[in-house]
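Participant: One structure, pasted below without further comment.
Taken together, the values in this text are just the output of simple stated rules run on the coordinates, not laboratory data. Since this is a predicted model, take the numbers as computed values, not measurements. In this analysis, Cβ positions are derived from the backbone assuming ideal geometry, glycine residues included, and neighbour counts consider all displayed protein chains.
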Amino acid sequence: MAAAHDRTRQVTLLAMLTALCVALRIVKIPIPNVQPVTAILMLVTLQLGLGAGLLLAVNTMVLSNIFLGFGIWTIPQIGAYAGCILVVGLLARWTPLRRWFWAQLAVCGLLGLLYGFLVSAGMAVFGQLSGLGFWAYYIAGLPFDGYHAAGNLVFYPLLKKPLAVALQHYQHHGQGGSVQ
């Protein structure tokens, strides 16, 4: 019975975080590619682990793209966020990333650039861009990747404390604590 309760709590938490990310991705800020989803995904990955970060990323992209436009680009977007989550997870495992705010902030900013590169690489595969076509596509997107990175640098410090407190509260008031 306790295991079923824990699983229900984990699913409920992921559903609420997904709803938050989807809503924040849909709400339009006047600057393109500036939204807090990447910062939330990084914080969730650091706090709850790779599994939670990956599930949240996939759920967020699929559900938000139903509203924003679903197409072949959804696959590279999911792959790009999966790559970003893996980088965060590996850094958290092999470095003291969890203890250094400034390192977290730098990584979060760089995730905006990494996400853009990985989406471009994915579009090269699915859009069959090659050689100069890939580089033209990637370079054309660099300003938007810069906006994404700058937005991450703004949102991460704003969200770190409240989201960390909420997730710690979740972990301490239930059995388990990580979302598998």
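Participant: Among the residues of the stretch 44-52, is there at least one that is without any contact (Cβ under 8 Å) to a residue 40 or more places away in the chain and more than 19 Å from Leu158 (Cα to Cα)?
Facilitator: First pass over the stretch 44-52, keeping only residues without any contact (Cβ under 8 Å) to a residue 40 or more places away in the chain: 50.
Cutting the leftovers down to more than 19 Å from Leu158 (Cα to Cα) gives us 50.
Yes.
Participant: Any residue at all in the stretch 118-138 that's in contact with a helix residue (DSSP H, G or I) (Cβ under 6 Å, 6 or more places away or on another chain) and within 19 Å of Cys21 (Cβ to Cβ)?
Facilitator: Yes; the residues of the stretch 118-138 include at least one that is in contact with a helix residue (DSSP H, G or I) (Cβ under 6 Å, 6 or more places away or on another chain) and within 19 Å of Cys21 (Cβ to Cβ).
Participant: Moving to a separate point now. Considering (1) out of contact with any Asp or Glu (no Cβ under 6 Å at 6 or more places or on another chain); (2) crowded, with 17+ Cβ neighbours inside 10 Å; (3) within 23 Å of Ile85 (Cα to Cα), say which one Val125 fails and leave the rest.
Facilitator: If we test Val125 against (1) out of contact with any Asp or Glu (no Cβ under 6 Å at 6 or more places or on another chain); (2) crowded, with 17+ Cβ neighbours inside 10 Å; (3) within 23 Å of Ile85 (Cα to Cα), just (2) comes out false.
Participant: Let me ask something additional. Can you say whether Phe155 is touching a residue at least 40 places away in the same chain (Cβ under 8 Å), touching a helix residue (DSSP H, G or I) at 6+ places or on another chain (Cβ under 6 Å) and of a type in the set (A, V, I, L, M, F, W, C), as far as the supplied structure shows? It would help to see each step written out before you state the result.
Facilitator: Details: touching a residue at least 40 places away in the same chain (Cβ under 8 Å): yes; touching a helix residue (DSSP H, G or I) at 6+ places or on another chain (Cβ under 6 Å): yes; of a type in the set (A, V, I, L, M, F, W, C): yes.
Here the answer is yes, as Phe155 does meet what is asked.
Participant: Which residues, counting only those in the stretch 71-122, are loosely packed, with under 14 Cβ neighbours inside 10 Å, in contact (Cβ under 8 Å) with a residue 24 or more places away in the chain and assigned to a helix (DSSP H, G or I)? Give the derivation first.
Facilitator: Initial filter on the stretch 71-122 (loosely packed, with under 14 Cβ neighbours inside 10 Å): 71-72, 90, 93-96, 98-102.
Filter once more, so that each one left must be in contact (Cβ under 8 Å) with a residue 24 or more places away in the chain: 72, 98, 101.
Listed by number, the residues that qualify are Arg98, Phe101.
Participant: Let me ask something else about it. (1) over 23 Å from Thr74 (Cβ atoms); (2) over 16 Å from the mean Cα position of the chain (by Cα); (3) among the aliphatic types (A, V, I, L, M): which one isn't true of Val154, the others all being true?
Facilitator: (2)
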